[in-house]
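**Student:** My structure is below; once you've seen it, I'll send some questions.
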Amino acid sequence: MNKVIFIFVFIITTGVQGQPLWQMWGYDMQHTHRSPIVGPQTNDLLWSRDYFSPIHPLPVISDNGTLYFGLIWDPDTGGGFRFLSVSPIDGDENWTYDTGGSVTATAAIFWHPDSV
C-alpha cells in the first residue's frame, strides 16, 4: 500500500512543476488574454529608439524584459533583414543576427536550465 501512495504522490507533484504560466491560447478556458501578472505601475518612459524600419513581426518580451524582434530594412547596413535582442534597461542591442531574408513569424522563446 505504501508503494502505491508514493507513486501516486510522485506523479502528481512531477506533473505540476512543469506547468507554464500561460498554459493555452488566450491564457484561460474563456480565452480572455488577461494575465494575472502585474505590469508597469507608472507611465515613465525608460528609453526610446528609432530603427527607421518597420518592426516585423511582433516583438516578443522575455521574462527578464529583453525584447526580440525583426527589422525589415536596416539603415545601418543599407538593407537586409535583421533579428535583434534589445536590453530592457537602456535599449542597447544585446546581439543582432542577419537573417539573409524576411522574418515572417513571431519569435518563440525557449528556456532550459541546461541550455546556453
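**Student:** Suppose every K and R has +1 on its Cβ and every D and E has -1 on its Cβ; what is the size of the dipole of the stretch 47-116 about the Cα centre, in Debye to the nearest 20?
**Tutor:** 200
**Student:** Can you tell me the length gained on complete extension of the stretch D114 to D50, counting 0.36 nm per residue apart and subtracting the Cα distance?
**Tutor:** Answer, rounded to one decimal: 19.5 nm.
**Student:** Could you check the simple spin-label distance between V38 and E93, using points 7 Å along Cα→Cβ, in nm with one decimal?
**Tutor:** Placing both labels 7 Å beyond Cα along the Cβ direction yields 3.6 nm.
**Student:** For each of V38, V86, V103, V60, count neighbouring Cβ atoms within 10 Å of the residue's Cβ, then give the residues from fewest to most.
**Tutor:** If I rank by nearby Cβ atoms, fewest first, I get V38, V60, V103, V86.
**Student:** Could you run the Karplus curve 6.51 cos²θ - 1.76 cosθ + 1.60 with θ = phi - 60° over the stretch 55-66 and give me ³J(HN,Hα) per residue in whole Hz, x for Gly and Pro?
**Tutor:** For the stretch 55-66, the Karplus curve yields 8, 8, x, 4, x, 10, 10, 7, 5, 9, x, 4 Hz.
Laboratory data are not the source of any read-out in this text; all were calculated from the coordinates shown. It should be emphasised that the depicted structure is a prediction, and the values quoted were computed from it without experimental measurement. Virtual Cβ from ideal backbone geometry, glycine too; neighbours counted across all protein chains shown.
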